[in-house]
Amino acid sequence: MSSDLVLPGQPIPLPRGPVPQLGSGIYSRDGNIRASLVGIPGYEGSTLSISRTRPHAPSSNSIVLGSITRLSPQQATLSISVVDGVPLPPGEEFTGVIRVQDVRATEKDRVKIADCFRGGDVVKGLVISLGDARSYYVTTARNDLGVIFATSESGATMEPVSWQEMRCPRTGRIEKRKCAKPEGL
Amino acid sequence: MQSNFDRRRINGPEESFPPVYDHEEEAESSWKPGQSRQGRAAGDIRPIFLKAGLISQANGSAYIETEHTKIACAVYGPRQSKTTVYNENGRLNVEVKFAPFSCTRRRAPIRDAEDRSLAVQIQQALLPAVRLELLPKSTIDIFLTVIENDGIEGCIASGSVAASAALADAGIEMLGLVMACSASTVGEEIWLDPTAQEAQNASGSLIVAGMPALGTLTNVWQSGRLAPIRVLQVSSVHATDDRILRAHINHSQGMEACQERFVDIHTIVAQALLDNAHNT
């Protein structure tokens, strides 16, 4: 098995035929295809890459999970703790921002941040850009994105009843959230 | 009375005496200028022990030991750089610390000029290898702790090797593994991987770092008196090519001599990384 493992800088032998697309962990220099990670190169379709399950920084189109830390009329700040399904080490969270125009796809001008998120909510979002020096820009403007876990004022875990509302099972009160469509529905 | 008394630290007794080592006097008296090297051949390096992944809370780590040089290295990140402005490329942050007991004289646990020059050399050696263009807005932190110090040249060389192994262990994309080797001129000879004692007798020293897999150099650092011809056999910057290596092997000097050893050190690092990859 050790022959399959490659080290950074090691050339990767390619089969005859068209050169595959290069994915993560592979680079090309002076016409040679080389590895830049320790691992076993493998094909996903026509892309040759070395897969890594180690935590990495968010990039555009990463799906992230995070909890809301701060709300303002213009934006909600979240602390990103999971990137593409890989949890980050504790204390190494990235900060993301959901701007008011990125909360939902329709009626963007009527969005009220306070009616969509509350502090402590766990949100699933999509990174749209690297943003500014402090934070990544995250959007929830898709059916499957939004709040996936929230507690009510009385402290119980709420369940979604529509894409804009959640109900507290203890008191029966309805609170407003921008909910994510539950998986498998 | 005691102006530099620090009550936050464990202070030693008021009166103390340095321990007397008997082997130290032996070593000093035995070598005289003009003699050939003792203990090993001029072109030999000290045996290297390298293990990756020893520090569990770090993203990647490595421990290197070459006789009396012992360095532990931990890599954290990529984490979000908070204080700096927006940057397309990532940042590589290297910090070196000497343990208080690492040198013959006690080192106060404060940052001084030596720590920083060491950190700069190691950062320079690693910088061309790490693919920072893939890590926008992020910082990689490398912390090296010198547990035992036997010559600053050896510390820089071993530190660079350990840091590169730790980066590979952390899964940070690199163009190649960085190897480094030091050399000093003592009289007419060139001694590879000098100890502190040997470096003291040397007229000049040289540290070369590079990526043997790509046949490139990343950092060359020279100090003291060293004739250019000894430093360079310039044609052989890509001397990891086997044919050129063999052509020059008879008059191996300076950089070439270091680069020959790269292949040996690379084998050790590769073995350490493969062992670690199999265990996890």
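What follows draws every value from the coordinates through simple rules; no lab data is involved. Being a predicted model, the structure only gives us computed values, none of them experimental. Ideal geometry is used to build each Cβ from the backbone, glycine not excepted, and the neighbour counts take in all protein chains shown.
I need the shape label for chain A. Rule: rounded when a/c is under 1.5, else prolate if a/b > b/c, else oblate, with a, b, c from the alpha carbon gyration tensor. Mind showing how you got there, number by number?
Working: a/c = 2.70, a/b = 2.49, b/c = 1.09.
It comes out prolate by the Cα gyration axes.
In sequence order, what are the phi-derived ³J(HN,Hα) couplings for region A:36-43 according to the Karplus relation 6.51 cos²θ - 1.76 cosθ + 1.60 with θ = phi - 60°, rounded to whole Hz, with x for glycine and proline?
Per-residue couplings from phi come out as 10, 9, 7, x, 10, x, x, 9 Hz.
Could you work out the relative contact order of chain B, using alpha carbon pairs under 8 angstrom and six or more residues apart, expressed as a whole percent?
Working: 541 pairs, mean separation 50.9, N = 280.
It rounds to 18 percent for chain B.
From zero up to wherever the largest Cα-Cα distance of region A:1-52 sits, split into 10 Å bins and tell me the percent of pairs in each.
Per 10 Å bin, starting at zero, the Cα-Cα P(r) for region A:1-52 comes out as 27, 61, 12 percent.
Quick check on region A:80-185: what does the Kirkwood estimate of hydrodynamic radius come out to from the alpha carbon pairs, in Å?
So the Kirkwood estimate lands at 14.5 Å.
For region A:60-142, take every pair of Cα atoms, bin their distances at 10 Å starting from 0, and report each bin as a whole percent.
Here the calculated profile for region A:60-142 is 20, 56, 22, 2.
Dipole of the protein assembly as shown, Cα-centred, from +1 at each Lys and Arg C-beta and -1 at each Asp and Glu C-beta, to the nearest 20 debye? Don't skip to the answer; put the middle values down first.
On the way: 47 positive and 51 negative charges, 436 e Å.
It comes to approximately 2100 debye.
Using the crude model of +1 on Lys and Arg Cβ and -1 on Asp and Glu Cβ, and no other charge, please compute the dipole size for region A:63-176 relative to its Cα centre, in debye to 20.
Values: 14 positive and 14 negative charges, 61 e Å.
I would put it at about 300 debye.
What order, most packed first, do the peptides A:26-34, B:199-207 have when packing is the mean number of other Cβ atoms within 10 Å of each residue?
Going by the mean number of other Cβ atoms within 10 Å, highest first, we get B:199-207, A:26-34.
Could you please tell me the mean projected area of the C-alpha convex hull for the protein assembly as shown, averaged over all directions and given in square nanometres to one decimal?
Details: hull surface 126.7 nm².
Dividing the Cα hull surface by four gives the mean projection, 31.7 nm².
For every helix of n ≥ 4 consecutive DSSP H residues, a contribution of -39,500 (n - 2.57) applies; sum these over chain B, divide by its total residues, and give [θ] at 222 nm rounded to the nearest 500 deg cm²/dmol.
The helix contribution divided over chain B gives -9500 deg cm²/dmol.
Report the label-to-label distance for A:Asp4 and B:Leu54 in nanometres (one decimal), using points 7 Å from each Cα along the Cα→Cβ vector.
3.1
Computed over the Cα atoms of region B:41-279, what is the ratio Rg over Rh, Rh following Kirkwood?
Working: Rg = 17.4 Å, Rh = 18.0 Å.
We get a ratio of 0.96 for region B:41-279.
Give the residue from A:Ser46, A:Pro58, B:Ser205 lying farthest towards the positive end of the charge dipole for the protein assembly as shown; charges sit on Cβ (+1 for Lys and Arg, -1 for Asp and Glu) and the dipole is referred to the Cα centre.
Positive-most Cα among the choices belongs to A:Pro58.
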